[in-house]
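So the structure is just underneath, and the comments pick up after that.
Here, each number is a calculation from the coordinates, and none is a lab measurement. Values in this document were obtained by computation on a predicted structure and should not be read as measured data. Backbone-built Cβ (ideal geometry, glycine too); neighbour counts: all protein chains shown.
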Amino acid sequence: MFSFKISRFLVLACAISLSIVVIESVSANKLGQYEGELITKWHSDGRHMQLNSKFAFVDRKGARWSVPKGAVVDGASIPKSLWSVIGGPFSGKYRAASVIHDYYCDVQTRPSKEVHKVFHDAMLTSGVETNWATLLYNAVDWFGPSWTKVRVIEPGCEVLTQDNIDDCAENMVAESATKAREPNAAELSDFFNAMRKKGLTQEVDELQRRM
């Protein structure tokens, strides 16, 4: 009944290839603001994307969510079954928020609940429609990575450089790092029913049409 289609994302990744550089700048609003330009390059596998400049999101409480130059993200913090919502985790208005979320799901230096919440606020800051941001936030809250113990980055590895990337890149990812899990048909049905109760019936129906 539920078939998970990710071909749209794979086609996109292949089309833009290794050499694409993406620049994104978003203005501030009451939910937070981005700092810097999101400049990235795809790896040859068409799945992993590397930041060519430092980037950050400052949330409504003033906490800075920095992603260092050289960090590599792959969108795996979002269930693949929901990629059809956005055409891929690094597409359009979802790109900047997905980078922040993916990186902090890897390094686990903040509690998972906070990481998922900042994903929601960053999406809204990027201009994602409120109901879709709420749907995706709940999706990662239900099925995304979860951890209870936060980490401290190895000294000297807060910023990746050409000199330390070989030693630090592996340390930037928590040993317990997990990817988003794929819900089975029963779990997905329960999720859809819960989202309808939150007033997201139109978005759920649209998502089911896309899947």
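7 Å from Cα along Cα→Cβ at both residue 184 and residue 45: what's the point-to-point distance in nm?
2.8
In straight Cα distance, which lysines are under 19 Å from residue 149, not counting same-chain residues fewer than 8 positions off?
Those lysines meeting the cut-off are 113, 117, 179.
Sort 109-119, 55-65, 132-142 for me by packing, meaning the mean count of neighbouring Cβ atoms within 10 Å per residue, highest on top.
132-142, 109-119, 55-65
Which ³J(HN,Hα) values, rounded to whole Hz and listed in residue order, are derived for the stretch 56-67 from phi using the Karplus coefficients 6.51, -1.76 and 1.60 in 6.51 cos²θ - 1.76 cosθ + 1.60 with θ = phi - 60°, glycine and proline given as x?
Once θ is set to phi - 60°, the couplings for the stretch 56-67 become 7, 10, 9, 7, 5, 8, x, 6, 9, 10, 8, 10 Hz.
Quick one: Karplus J couplings for the stretch 114-127, per residue in order, coefficients 6.51, -1.76, 1.60, θ = phi - 60°, nearest Hz, x for Gly and Pro?
Listing the rounded values in order: 5, 5, 5, 5, 5, 4, 4, 5, 5, 4, 4, 4, 7, x Hz.
Among 183-192, 122-131, 96-105, how do they line up from the highest to the lowest mean number of other beta-carbon atoms within 10 Å?
96-105, 122-131, 183-192
Suppose R0 equals 30 Å; then what is the FRET efficiency for residue 148 and residue 56 from their Cβ-Cβ distance, rounded to the nearest 0.05?
Rounded to the nearest 0.05, the efficiency is 0.75.
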